[in-house]
1. Working only within segment 69-83, note down all residues that are surrounded by fewer than 15 Cβ atoms within 10 Å (Cβ to Cβ) and part of a helix (DSSP H, G or I).
2. Out of all the residues in segment 15-48, which are in a loop (DSSP other than H, G, I, E, B) and over 24 Å from Ser60 (Cα atoms)?
3. Of all residues in segment 14-54, count the ones that are among the aliphatic types (A, V, I, L, M) and more than 30 Å from Thr71 (Cβ to Cβ).
4. Among the numbered conditions (1) over 23 Å from the mean Cα position of the chain (by Cα); (2) open to solvent by less than 100 Å² (accessible area, probe 1.4 Å), tell me where Gly48 comes up short.
5. Just give me the residues in segment 15-28 being at pLDDT below 95 and open to solvent by less than 50 Å² (accessible area, probe 1.4 Å), in sequence order.
6. May I ask you to say which residue of Ser12, Ser36, Ser60, Ser81 is touching a helix residue (DSSP H, G or I) at 6+ places or on another chain (Cβ under 9 Å), modelled with pLDDT under 95 and not hydrophobic (A, V, I, L, M, F, W, C)?
Amino acid sequence: MSMGSEPRFLQSRWIRLGVAGLVLGTGPLLLAVAISYLMGDRNPNPVGPGILALLTFWPSILLVLIGVIVTIFRKIRFARSND
């Protein structure tokens, strides 16, 4: 992030890590459920992807929230420095 520009949400490392964790953690579970639905299996049992989603969902959400808060504080600080 350049010092002269206003901070943006997707430039935050926290948010990028959180979104990556969310996609990589819950993606396999969603893929397993979608494949089982398309194959006609009405009772899927994706234990491994479910545990992965369980372990990565809330930490990823926390990282995104931290990124949003840090970006908002940086925006406020940027606005004050330009006044």
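1. Narrowing segment 69-83 to residues surrounded by fewer than 15 Cβ atoms within 10 Å (Cβ to Cβ): 69, 72-73, 75-83.
Selection gives Ile69, Ile72, Phe73, Lys75, Ile76, Arg77, Phe78, Ala79, Arg80, Ser81.
2. First pass over segment 15-48, keeping only residues in a loop (DSSP other than H, G, I, E, B): 39-46.
Once the filter is applied, which keeps residues that are in a loop (DSSP other than H, G, I, E, B) and over 24 Å from Ser60 (Cα atoms), segment 15-48 yields Met39, Gly40, Asp41, Arg42, Asn43, Pro44.
3. Filtering segment 14-54 down to residues among the aliphatic types (A, V, I, L, M) leaves 15, 17, 19-20, 22-24, 29-35, 38-39, 47, 51-54.
Filter again for more than 30 Å from Thr71 (Cβ to Cβ), leaving 31-35, 38-39, 47, 51.
The total comes to 9.
4. Single failed check for Gly48: (1).
5. Correct list: Ile15 only.
6. Working: Ser36 fails: touching a helix residue (DSSP H, G or I) at 6+ places or on another chain (Cβ under 9 Å); Ser60 fails: modelled with pLDDT under 95; Ser81 fails: touching a helix residue (DSSP H, G or I) at 6+ places or on another chain (Cβ under 9 Å).
Going through Ser12, Ser36, Ser60, Ser81 in turn, the sole match is Ser12.
The values are calculated or read from the model by the stated rules, or taken from the named source; none is laboratory data. Here the structure is a predicted model, which is why all the values come from computation and not from measurement. So basically every Cβ, Gly included, is an ideal-geometry build from the backbone, and we count neighbours across all protein chains shown. We work out accessible area using only protein heavy atoms, side chains counted, and drop any ligands, DNA or RNA first. Shrake-Rupley method; radii C 1.70, N 1.55, O 1.52, S 1.80 Å.
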